[in-house]
1. Residue 6: on the phi < 0 side of the Ramachandran plot, out of contact with any Lys or Arg (no Cβ under 9 Å at 6 or more places or on another chain) and of a type in the set (S, T, N, Q), yes or no?
2. If you scan the range 28-71, which residues turn out to be over 13 Å from the mean Cα position of the chain (by Cα) and aliphatic (A, V, I, L, M)?
3. Just to be sure I understand, how many residues within the range 12-42 are acidic (Asp, Glu) and either in contact with a strand residue (DSSP E or B) (Cβ under 8 Å, 6 or more places away or on another chain) or touching a residue at least 12 places away in the same chain (Cβ under 8 Å) (or both)?
4. Give me the residue from the range 61-72 that is surrounded by fewer than 12 Cβ atoms within 10 Å (Cβ to Cβ) and not polar (S, T, N, Q) and, out of that set, nearest to residue 38 (Cα to Cα).
5. Here is a list: 45, 9. Which entry is more than 24 Å from residue 70 (Cα to Cα) and touching a residue at least 12 places away in the same chain (Cβ under 8 Å)?
6. Go through the residues of the range 76-84 one by one and say whether even a single one is modelled with pLDDT under 95, in contact with a Phe, Trp or Tyr (Cβ under 7 Å, 6 or more places away or on another chain) and exposed (fewer than 10 other Cβ atoms within 10 Å of the Cβ).
7. Looking only at residues in the range 1-12 that are modelled with pLDDT of 95 or more and out of contact with any helix residue (DSSP H, G or I) (no Cβ under 6 Å at 6 or more places or on another chain), which one is farthest from residue 76 (Cα to Cα)?
8. Suppose we keep only residues that are outside any strand (DSSP E or B) and aromatic (Phe, Trp, Tyr) within the range 1-57. Which one would you say is surrounded by the most Cβ atoms within 10 Å (Cβ to Cβ)?
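The values are calculated or read from the model by the stated rules, or taken from the named source; none is laboratory data. Since we're looking at a predicted model, the values are computed, not measured. We place every Cβ from the backbone using ideal geometry, glycine too, and count neighbours over all the protein chains shown.
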Amino acid sequence: MRFEVQLLTTEEACEMLRCKPDALKSLRDQWICGVHYVRRGRGPTAPVLYIKEMILDWLVNQDAPETHLAAIENFRRSLPSGQKRSFGRRAS
């Protein structure tokens with residue numbers, strides 16, 4: 001399985017959503033860190049990157065929150081941390 005997401009800068013996310021940075025910042029209050037966006041570093045001044053696929057899904061499914069919740073669960077399962085692992089010995 002190949003895991004890929006496209007990360008957007010604030011400017012790229014604003015362009016995609018056709019909004020200003022202040023509006024994007026307020027949208028983050030509705031979004032989940034680690035699902036819709038991530039911070040590069042710690043603290044309030046750490047740069048924020050936006051996960052394009054989840055932002056687009058949120059945009060399309062604003063009126064269908066249950067559909068977006070399903071997308072969130074699918075996204076989390078697709079992460080390497082969401083994969084089931086077997087801890088047995090490999091056959092040689």
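1. It is false that residue 6 is on the phi < 0 side of the Ramachandran plot, out of contact with any Lys or Arg (no Cβ under 9 Å at 6 or more places or on another chain) and of a type in the set (S, T, N, Q).
2. 46, 60, 64, 70
3. Within the range 12-42, residues that are acidic (Asp, Glu) and either in contact with a strand residue (DSSP E or B) (Cβ under 8 Å, 6 or more places away or on another chain) or touching a residue at least 12 places away in the same chain (Cβ under 8 Å) (or both) number 1.
4. 69
5. 9
6. yes
7. 11
8. 31
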